[in-house]
Amino acid sequence: MLQAVWRKRILIEARRIKQLRYCQAVMTEVVNSENTYVEALERIKEVFEEPLSKLRNAKALRVAEIFRDVHPILLTHRTLRDDLSAIVRSQPIAQWPIGFAAIFKRITPYLKQSSPYIDRFDTIMNLVDTLVRDKEAQKVLLEAQKKSNLNLHAHLIMPIQRVPRLEMLLKSLLEHTDPNTTEFRQLNLALFDIKLVAAYCNQKKQESDKRYQLCTIALKVKNIPDTLNILDANRQFIHEGPLRVYVPDTKMLHSFTFFLFDSMMMWVDTDPIGDMTYKGSLSLETGKFHIERELSQMHVNFLPASMHAPSFVSLGFVLDDFNTLLVVFALSLEQKAEWIRKFENIHGGTSYINGMTDL
């Protein structure tokens, strides 16, 4: 009987230690990720805001309006980081949960400072799109991206991402905290408030992810015509990958990187150091653009004899928008099938006429 009691106590203590270790790992991640987040916000000011504010047309570009809500968010999270770090440094591990609970209970109302930023996020992204189109601002953005390894869109989405991340970490912490304790109740109250802000953040994050892709392409590709307007708010990025284009003038294949969007396709040349230069585009307007999924005998006859092998010809297909016609070759049959599948999914489906796909 006594052995059974001791065995039960040992099991309970072992479970408690296991929970505490897990909670320690989660709380350490909260502190470390909060420190990384604060450093990123500080970097926004140093490498983006300050250089952009010195531009002659900074007022016209509304630079101050882009960054005006970042500073109060930074102050709140700097306080949160410092207070959590103090608990970790000065308290025994067993006291961390109650200390974290008290801090989050106190700081949660201030986390709602993200709300004005979230409400203005679409406006902020539109202003950043304007910066990308300005030549002087673009130079600053590219230089800042080299220093920080991320573009401005990626930095400005961080306040949108942080609150959902805190929500996830608090949920994980609660799952391994005794529900009969004071710290559980306080953490649960903090989590309730964070959930309200996090739900709105998640909606904005989905919208921003699409904008981030477009901005990344617009920044890394040189000489894109203004008429192409990569940053069109209604444009959707679909796929990126290599294709080889047959060039009749040289009778050779040239490798390009192709970017597929819902309304057009663009191809770029990439130099040895990775810089991309715009080379051309096709319109995917309904009723005009079409794909020939297999090369016709006429197309094959135009190719040099060295390209007539059936295994090579099977990799080819034709893209045509009635202004530009490209004979392209995938690197494999699997890649060819993937490209054609991406085209087929645009506008919700396709029709087939003699091996030709009309979008």
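The values are calculated or read from the model by the stated rules, or taken from the named source; none is laboratory data. Please read all numbers here as calculations on a predicted model, not as lab measurements. Cβ atoms come from the backbone with ideal geometry, glycine included; neighbour counts cover every protein chain shown. Keep in mind that these areas ignore ligands, DNA and RNA; they rest on the heavy atoms of the full protein, side chains included. Shrake-Rupley method; radii C 1.70, N 1.55, O 1.52, S 1.80 Å.
Here are the numbers for this structure:
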{"read-out": "Overall form of the range 272-317 per C-alpha gyration tensor (a/c, 1.5; a/b vs b/c)", "value": "oblate"}
{"read-out": "Helix axis angle, 2-43 relative to the chain longest principal axis, alpha carbon, degrees", "value": "50"}
{"read-out": "GluC sites (Glu not before Pro) within the range 245-326, DSSP loop, no more than 16 other Cβ atoms inside 10 Å", "value": "GLU285, GLU294"}
{"read-out": "Helix-only CD estimate at 222 nm, as mean residue ellipticity for the chain, using -39500 (n - 2.57) per DSSP H run (n ≥ 4)", "value": "-18500 deg cm²/dmol"}
{"read-out": "For the range 272-279, 3J(HN,Hα) per residue [Karplus equation, 6.51 cos²θ - 1.76 cosθ + 1.60, θ = phi - 60°, Hz, x = Gly/Pro]", "value": "x, 9, x, 6, 10, 10, 4, 10"}
{"read-out": "Charge dipole (the chain, unit charges on Cβ, about Cα centre) - positive-most of SER311, LEU219, HIS290", "value": "LEU219"}
{"read-out": "Cα-centre dipole for the range 16-140 with unit charges at Cβ (Lys and Arg positive, Asp and Glu negative), debye to 20", "value": "240"}
{"read-out": "Degrees between helix 96-111 axis and first principal axis of the chain (Cα, 0 to 90, nearest 10)", "value": "60"}
{"read-out": "Degrees separating the helix 135-148 axis from the principal Cα axis of the chain, which is the longest one", "value": "50"}
{"read-out": "Spacing of the two label points (7 Å from each Cα toward its C-beta) at GLU285 and GLN95, in nm", "value": "7.2"}
{"read-out": "Cleavage-rule hits (trypsin sites (Lys or Arg not before Pro)) in the range 23-95: DSSP loop, at most 14 neighbouring Cβ within 10 angstrom", "value": "LYS54, ARG56, LYS59"}
{"read-out": "Carbon and sulfur %, accessible surface of the range 115-166 computed with the full protein complex present, 1.4 Å", "value": "48"}
{"read-out": "For the range 150-291, size of Cβ-based charge dipole, Lys and Arg +1, Asp and Glu -1, in debye", "value": "60"}
{"read-out": "Extension gain (nm, one decimal) between ASN32 and ALA86, 0.36 nm per residue minus Cα-Cα", "value": "18.2 nm"}
{"read-out": "Unsatisfied cross-links (Cα-Cα over 28 Å) in the set LYS45/LYS135; LYS147/LYS222; LYS147/LYS336; LYS112/LYS135; LYS139/LYS342", "value": "LYS147/LYS336; LYS112/LYS135; LYS139/LYS342"}
{"read-out": "Total charge dipole magnitude, the chain, about the Cα centre, Cβ charges on Lys, Arg, Asp, Glu only, Debye to nearest 20", "value": "1620"}
